[in-house]
Amino acid sequence: MTISAQIPPRTEFTRRRLGDEAFITLLVVLAAVALFLTASLLVPNFFQLQNMINLVTNNWAVISLGVGVTFLLVSGNFDLSVGGVVALSGVLSVWFAQSAGGANALSTGLGMPYFLAIACALLGAMAIGGLNALFVVRFGVPSIIVTLGTMMVARGIAQVITHGSQRNTNLPEEFGVLGNLYMFGTSVKLPVVLMILLILIAVFIEKKTVFGRKTYWIGANAVAATLSGIDRAKHITYLYLFSSAIAGVVGILLASEFKSGFSNRGMLMEFDALVIALLGGVAIAGGFGSVVGMFFGAIILAVVTSAATGLVLSPDWQFTLKAIAVFLAIVVQTWALARRNR
Amino acid sequence: MDREQQTPVLSVVGLTKDYPGVRAVDDVTFSIEAGSVHCLVGENGAGKSTLVKMLTGALQPTSGSMKVRGQPFFPANPQEARDGGIATLFQEMHVVDELTVMENLTLGMERSRFGFLVKSDLDDRVVRTLNAIEPSIDATARVSSLSVAQKQIVEIARAASSGASVIIMDEPTAALSEREVERLFGVIRRLRESDVTVIYISHKLDEIFQLGDAVTVLRDGRHIATAPLSEIADRSDLIRMMIGRNVFQTYEPRKTATGETVLEARSLANHLLDDVSFDIKRGEIVGFYGLVGAGKTEIARALFGADKASGSITFKGNPVGHSPRQAIEAGIALVPEERRTQGLFTNLSIRENIPVMNLRKLSDKGVYRSSEELAAANEYVGKLSIATDSIDKHTEKLSGGNQQKVVFAKCLFADADLLLLDEPTRGVDVGAKMEIYNIIKNMADTGKSVAVFSSELEEVLGICDRIFLLYSGALIEEMANGPEVDIAHILNVVTGGGEGAVQ
Amino acid sequence: MSQPTAISQGPTDRNGRIARFLRDYYIYFVFVAVIAVLSVANLDQFTLFERGNFLNKYNIINILRVSAPLITLAGAFTLLMVSGYIDLSVGSAMSLSAVVYALLAINGVPFLPAFVATVAVGVVLGTINGFLVVRLKITPVIATLITLSLYKGIALLLVQDGVSAIKSGGGLKMPAWFNDYGREGVLLSLPMAFWVAILVTLVLIIVQKRTLIGKYAAATGGNPTAAKLSGIKTGKIVWVLYGIVGVTAALAGIARSSFMSLGDPLSGDGMELTVILVVLLGGTAFSGGEGRVSKSFVAALIIMSLTVGMLTLVPAYYQTLVIGSALLLAAASNHIVSKKGKSS
């Protein structure tokens, strides 16, 4: 007796036209467009091509960080260390590249060739990612605590190297090139192009590769993922290294742009990266969310904050606006998914 | 003690519970005498747990009524049920490890003044109850320092001292050693003497004959019988009522010639296993039978590399047992014990669940081919006749049997040559159970090997060619299945009565 | 009937007992060790306060004075974490309270009404957290990150543009009494703020040991299902605990504001990390159930002694690194120890 003898196998099943995730991403995109149009009505000179471009280009750093943070959130883990890593890698790149004999402690570096300096700075950044992975995966400490700790460690090292301020003297000529390189004769700088490339690669990894899929499975059910042959420890380690490497590159580019290593750079960037991911519909419980959503979450935040500035609200409004935006995003998402899956 | 009470302590009349598309409990009527141990038996999915949930207020009946001591009883939540005199002992422990025994006993019943805890007669009463039930437990000890059995007794004491007239115990011996079971039975008998009624749910029929005064049998949500146990002739009588047929005859020796040995396990040992060695051959279905806690899950997980064990495991000549990943690559797949927490991605769709164990098949140099995922999902949903209207349905919305079929689909998609099935039909309805047995047999017929780890003897005797009997982490005996198997002998071995049993 | 011989006993072997002893008392040894090390360390650069030894009277008074906000917060935060929840907004709530208090004072509200009003603000802030977590069921980490941003934003908005904090100037003058609460010695040369912190700690020790809230907090964090089945309204308990944390955040804000004589909207920045560090160091389990207010108190003293003591040994810019490393170490060791204690 076989089963197929009892019930004729069906070969095709109806499919839902739109998955939950695509649905939420679509909501985020619509919200971003609606907010942009509303802001255009309220704020003079808002509806301009240059302004639209600025919304993206001004936020290249946070959006780039958001990619790593999004992948980690989807896997069910926080990364709040990225802001600290931005400071650390920037300061390291400056310190390594400063020539050896300076007038005082803050103008004396290790005198490495520039490309060796940034390579080493990147390694330093990834060491923080390794530390995150070690504590989260090996010791099983909650990621929120670990990455808050490593955020302080990274920034703390940057503060020690800069004595709590900054290093900006005695740098080689080529140090300022990368961060200020205009691409193809436009006003768009190299970091923005790199961010766009990063997004494209990230979307490809997320949607089209086994690595991307594994991230979702781990986030949805870590135990089942392990029992299904996914090496969770290795995967989470890669994700933390990936995230800290992005933060490292961001830090190096910012240091190059400003020709300085400043220990307070990237302050609160970890928070903004988390905010745009949440605005983009990434679920904190893991297993849900997308890089595209995060990108439009960043647009939402950018529209809201720049419209607020346009409406001559004081910059102090930004914290309140972020709080309200994230709150609304979470409530709306929960409500929309509950309604849809009723 | 007056045993001739007029009104039964608990009675249910026409109790029915409907779920969308399923009638889990269908017009059940019976009553329970005060001061008795009343057993509730039935196969998995017979409606026992739904019935219990209605009694404890976790679910509300669709229709029908319940009465406690003649008074209408409609608990809206567990708290109301407890106030009405019905307390429940769940399979999971519901004690707070961080508090003391005393604090646990009074939890939720404390006397207080302006929010401050005050001493009261309650404290003395719970200690008296505990001492009456089990004097060896120190009321001031932290619960985290107690054994599982002791924690359970703390729960019973709590139920008893809350003034419950009925205590429901759902598989209370699942995690206990034999000596602890004896002690628990002592506790239950003392409760009965103090006129507390115990509703005892267990799959272990011996316990029922040993302990029970009366039994209610459920099958497919319907009430089959309520009778004093003295009127039940023997186990097979009870089993016949439970399943409506004589199970032990379903095993048909399969004609597939078993081939060469594919898996060799030698001297497996860890904190739960004790020097376990065995072989599994190509094309055979082997069963590992033992009570809960005998080491079945531990062996399955050790073979799969999910837990560490010393000793050696070779599969087709290659060492395995290092990690699940290695096992899957070698051709071993596991259907884990806990479907929802270990087997399924409940927030993901059927389509997304199926491919996870064999990503190589769906990918090319790390690039994932979604079209093949879709094809695979369609294929397996059809093959295993998973009842769903869409392959994009979240697996949490499926019934237990269909969920389990999705887990099977995962393993089948992995193209494994050895399947480890840990409690493959737990929480699965009878129809799906038969289908799952057919899937298992078909796999073995196509030359794959299957190891079934089960605490249901009917299951093991029904499908396995060879059976390993386990007791307390040790493999006691190996036997071939067939019409002449001695069930009494098997039960004797797995309860610790076998020769050479490790004490 | 069988006689009552022991069933299989729990972990009472020697290793288990030693582990438990370490878990129960290690914090006191750490405290003594830290004080000892700081006392014998060569304090060459000890110029911040009076020259001399660490156990100098003025140094002790100073440490205890600046410890007031942290001590105030640590106890309530411990109870919240025992119940399995967390509040990342305490720093912002503290900043906002500091600003509100300073604002009231500078506008002529007398001490007591200003004090009471600020505490009331703290209750509201805690209640909002409770609402998000309990009623709207938003994950505690995210909910309190939202309010972290919100409270900080409001604090910044309450301070005029172009000014960094509420302080004398622009026609308004901070009243003379403003400083007294945080600085003026009232008993043993220690200010009111410190004694309030001690009072709060004592009250919370009693709450933990002797009241329903304390017991139910442990039950909620230890085994939420058991707590619910026992009829405990866990949501209500958690809500109340968030409220208590809000009150202590307000008290901490008042203490800080009075000590610094200004309402600084950034004065509580990073406080949540220090409090988490203290609570973890005190042995509170991140997963809930386990933890003592009294131990967190000792841990707070350790951290403040270290922070102040360190200032005399290394430049201030080492502080972030040291606190971050300590947080990692505390979290890892806490986790490992509590795991061992449970599974053995």
Long-range amide H contacts for B:I199: which residues qualify at under 5 Å (H placed 1.01 Å from N, peptide plane, sequence gap of 5 or more or a different chain)? B:H38, B:I167, B:I168, B:M169
Explain nothing, just compute: Karplus ³J(HN,Hα) = 6.51 cos²θ - 1.76 cosθ + 1.60, θ = phi - 60°, for every residue of the stretch B:434-442 in order, whole Hz, x for Gly and Pro. 4, 4, 5, 4, 5, 4, 4, 5, 4
For chain B, with +1 on Lys and Arg beta carbons and -1 on Asp and Glu, the positive-most of B:S310, B:G212, B:A227 along the dipole: B:S310
For the stretch A:86-103, Karplus-derived ³J(HN,Hα) couplings (6.51, -1.76, 1.60; θ = phi - 60°; whole Hz; x for glycine and proline) come out as 4, 4, 4, 5, x, 5, 4, 4, 5, 4, 5, 8, 4, 6, 5, x, x, 5
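So what's the back-of-envelope 222 nm ellipticity for chain B, counting only DSSP H runs of four-plus at -39500 (n - 2.57) apiece and dividing by all residues, rounded to 500? Kindly include the intermediate steps, with their values, before the conclusion.
Working: 16 runs with 156 residues, N = 503.
Counting only the DSSP helices, I get -9000 deg cm²/dmol.
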Output the antiparallel fraction of DSSP beta bridges having both residues in the protein assembly as shown, as a percent to the nearest 5. 60 percent
What do you get for Rg/Rh over the stretch B:191-350 if you use C-alpha atoms and the Kirkwood form of Rh? 1.08
Can you give me the angle between helix B:148-161 and the longest principal axis of chain B, using Cα atoms only, in degrees from 0 to 90, rounded to the nearest 10? 30 degrees
Aspartates and glutamates near B:K397 by alpha-carbon distance under 18 Å, same-chain residues fewer than 8 away left out - which ones? A:D20, A:E21, B:D18, B:E338, B:E352, B:D389, B:D429
Which semi-axes, in whole Å and largest first, does the equivalent ellipsoid of the stretch B:254-497 have when worked out from the alpha carbon gyration tensor as the square roots of 5 times its eigenvalues? 30, 20, 16
Euclidean distance between Cα centres, the stretch C:193-260 to the stretch B:442-462, Å: 55 Å
I'd like the antiparallel share, as a percent to the nearest 5, of DSSP beta bridges with both residues in the stretch B:10-246. 55 percent
Tilt of helix A:232-258 relative to the longest C-alpha principal axis of chain A, in degrees (0 to 90, nearest 10)? 40 degrees
For the stretch C:65-268, whose charge dipole is built from +1 on Lys and Arg Cβ atoms and -1 on Asp and Glu Cβ atoms, the candidate among C:G214, C:L199, C:L157 with its Cα farthest towards the positive end is C:G214
About the Cα centre, and with charges only on the beta carbon of Lys, Arg (+1) and Asp, Glu (-1), how big is the dipole of the stretch A:137-223? Nearest 20 debye, please. 380 debye
For the C:S164, C:L112 Cβ pair and Förster radius 30 Å, calculated FRET efficiency rounded to 0.05 is 0.60
May I ask for the distance between the Cα centers of the stretch B:338-371 and the stretch B:267-309, given as a whole number of Å? 26 Å
Measure of compaction for the stretch B:192-235 (Cα Rg per 2.2 N^0.38 Å): 1.20
Tensor-based shape of the stretch C:65-268 (alpha-carbon gyration tensor, a/c under 1.5 rounded, otherwise prolate or oblate): oblate
Is there a pair in B:K281/B:K361; A:K189/A:K234; B:K151/C:K295 whose C-alpha atoms are over 31 Å apart, and which pairs would that be? A:K189/A:K234
Could you tell me which of C:T284, C:S92, C:A105 has its Cα farthest along the dipole of chain C towards the positive end, charges placed at Cβ (Lys, Arg +1; Asp, Glu -1), taken about the Cα centre? C:T284
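The stretch B:50-89: which trypsin sites (Lys or Arg not before Pro) are DSSP loop and have at most 16 other beta-carbon atoms within 10 angstrom? Write down the numbers at each step before the final one.
Details: sites: B:K53, B:K67, B:R69, B:R82; in loops: B:R69.
Qualifying residues, ordered by number: B:R69.
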With x for Gly and Pro, the residue-by-residue ³J(HN,Hα) of the stretch A:163-170, computed from phi through the Karplus equation 6.51 cos²θ - 1.76 cosθ + 1.60 at θ = phi - 60° and given in whole Hz, is 6, x, 10, 9, 10, 8, 10, 6
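Taking the Cα centre of the protein assembly as shown as origin, sum charge times position over the Cβ atoms of Lys and Arg (+1) and Asp and Glu (-1), and report the length of that vector in debye to the nearest 20. Please report the intermediate quantities before stating the final value.
Details: 99 positive and 94 negative charges, 537 e Å.
In total the dipole reaches around 2580 debye.
Provide the three semi-axes, in whole Å and in decreasing order, of the ellipsoid equivalent to the stretch B:10-246 as defined by the square roots of 5 times the Cα gyration tensor eigenvalues. Display every interim value, and only then the final one.
Numbers: eigenvalues 192, 90, 45 Å².
Square roots of five times the eigenvalues give 31, 21, 15 Å.
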Nearest 10, in degrees from 0 to 90: the angle of helix B:370-383 to the longest Cα principal axis of chain B is 70 degrees
Straight-line reach from C:K152: which aspartates and glutamates have a Cα under 19 Å away, not including same-chain ones fewer than 8 places off? A:E270, A:D272, A:D316, C:D87, C:D161, C:D264, C:D269, C:E272
Amide H contacts under 5 Å for A:F78, placed H, 5+ residues apart: A:S143, A:I144
Once the protein assembly as shown is represented by equal point scatterers at the alpha-carbon sites, with solvent omitted, what log10 I(q)/I(0) does the Debye formula produce at q = 0.07, 0.08 Å⁻¹? -0.79, -1.02
Placed amide H near C:T211: partners under 5 Å, 5+ positions off or other chain: B:L117
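Taken together, the values in this text are just the output of simple stated rules run on the coordinates, not laboratory data. Everything quoted here is computed from the prediction, not taken from an experiment. Using ideal geometry, Cβ is built from the backbone for each residue, glycine included, and neighbour counts are taken over all protein chains shown.
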